[in-house]
1. For segment 282-300, name all the residues that are farther than 10 Å from residue 248 by Cα and surrounded by fewer than 14 Cβ atoms within 10 Å (Cβ to Cβ).
2. Looking only at residues that are within 19 Å of the chain's Cα centre (by Cα) and within 15 Å of residue 44 (Cα to Cα) in segment 305-346, which one is surrounded by the fewest Cβ atoms within 10 Å (Cβ to Cβ)?
3. I'd like the full set of residues that are surrounded by fewer than 21 Cβ atoms within 10 Å (Cβ to Cβ) and under 28 Å from residue 181 (Cα atoms), limited to segment 203-220.
4. Step by step: first the residues of segment 36-59, then only those that are farther than 30 Å from residue 345 by Cα and in a loop (DSSP other than H, G, I, E, B), then the one that is modelled with the highest pLDDT. Which residue is that?
5. Select the strands (runs of 3 or more DSSP E) contained entirely in segment 196-314, then report the ones holding at least 3 residues which are within 24 Å of residue 330 (Cα to Cα), touching a strand residue (DSSP E or B) at 6+ places or on another chain (Cβ under 7 Å) and modelled with pLDDT under 95.
6. Restricting attention to segment 143-174, report how many residues are more than 23 Å from residue 290 (Cβ to Cβ) and assigned to a loop (DSSP other than H, G, I, E, B).
7. So, in segment 226-281, exactly how many residues are surrounded by fewer than 18 Cβ atoms within 10 Å (Cβ to Cβ), under 20 Å from the mean Cα position of the chain (by Cα) and closer than 19 Å to residue 179 by Cα?
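The values are calculated or read from the model by the stated rules, or taken from the named source; none is laboratory data. Note that the coordinates shown come from a computational prediction; the quantities given were computed from them, not determined experimentally. Cβ: placed from backbone, ideal geometry, glycine included. Neighbour counts: every protein chain shown.
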């Protein structure tokens, strides 16, 4: 108990004393830009050094080298005033697995914009779970929670979105379940999400979710993501509670993440920490993403430099350090760039 209290105290200290705004990919944000056709590639290369602590007996040798982290093709556009499309393909992801033709496709969908308030999106898309860490494009994430590293957020389904005003959207979505392990197994996820603005400086991504992990048995989510903006500083506080029922307890299976990002000219400074815990005992039905017995914190820091001031998102140089809360420290330095191939208006 003392060890757990110490972990929580350390996490709170990190969140309240630490020092971003990335591309997001939620169901209400994915879609075409104003172009009829936009085609681009997005790539990230990293040099990585991993050091393992002596707590492991025997301790693995340190690892180092260069790696291609991401290579994505992104195609989007408008068919007419009512229909638009979006497609993102990761060149290597799970390409050899037979589960499915769309394995390496993060999303491919068609949106019908009925009017300025209502739209319907069908196809592969991001499962609508709240919180900001979950919402970042993976190319913008250097280190993450246990939950983020184990969930499969891209699923085929349909979503209906109501844009209330410029700062508020609500989406209702049905997709295949992220807990599904086989095709056509009849497992679904039912999601309701709100992208909101409470104050000009306080934005939210809140959701409630029912995700089948076995036929007729659900992992129920309450996900609360908060983003607070204070001048050049951005603070994000996320909390996801998961409840399975069948002998499990509320507030025993959760993920909490905090991030502080501060902009100085062309630089971004970031500190991030999080904690995943599932204190439920193993039952017949349980959360398979953060399994009973997981009790793990992580923390890290990063710096980004954007050498092209007028086109900030086109080139980024980054470095980060993180501790996985167990036995591994990782340092990486890399570059991310976007290659715009085609952009047409007609």
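1. Residues satisfying the conditions are 284, 293.
2. 313
3. Selection gives 206, 208, 210, 212, 213, 214, 215, 216, 217, 220.
4. Filtering first and then ranking leaves 53.
5. Hits in segment 196-314: none.
6. Total satisfying the criteria: 2.
7. 1
Residue-wise test of (1) touching a strand residue (DSSP E or B) at 6+ places or on another chain (Cβ under 9 Å); (2) surrounded by fewer than 16 Cβ atoms within 10 Å (Cβ to Cβ).
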{"residue": "72", "(1), (2)": "yes, no"}
{"residue": "75", "(1), (2)": "yes, no"}
{"residue": "80", "(1), (2)": "no, yes"}
{"residue": "117", "(1), (2)": "yes, yes"}
{"residue": "142", "(1), (2)": "yes, no"}
{"residue": "145", "(1), (2)": "yes, no"}
{"residue": "155", "(1), (2)": "yes, no"}
{"residue": "161", "(1), (2)": "yes, no"}
{"residue": "176", "(1), (2)": "yes, no"}
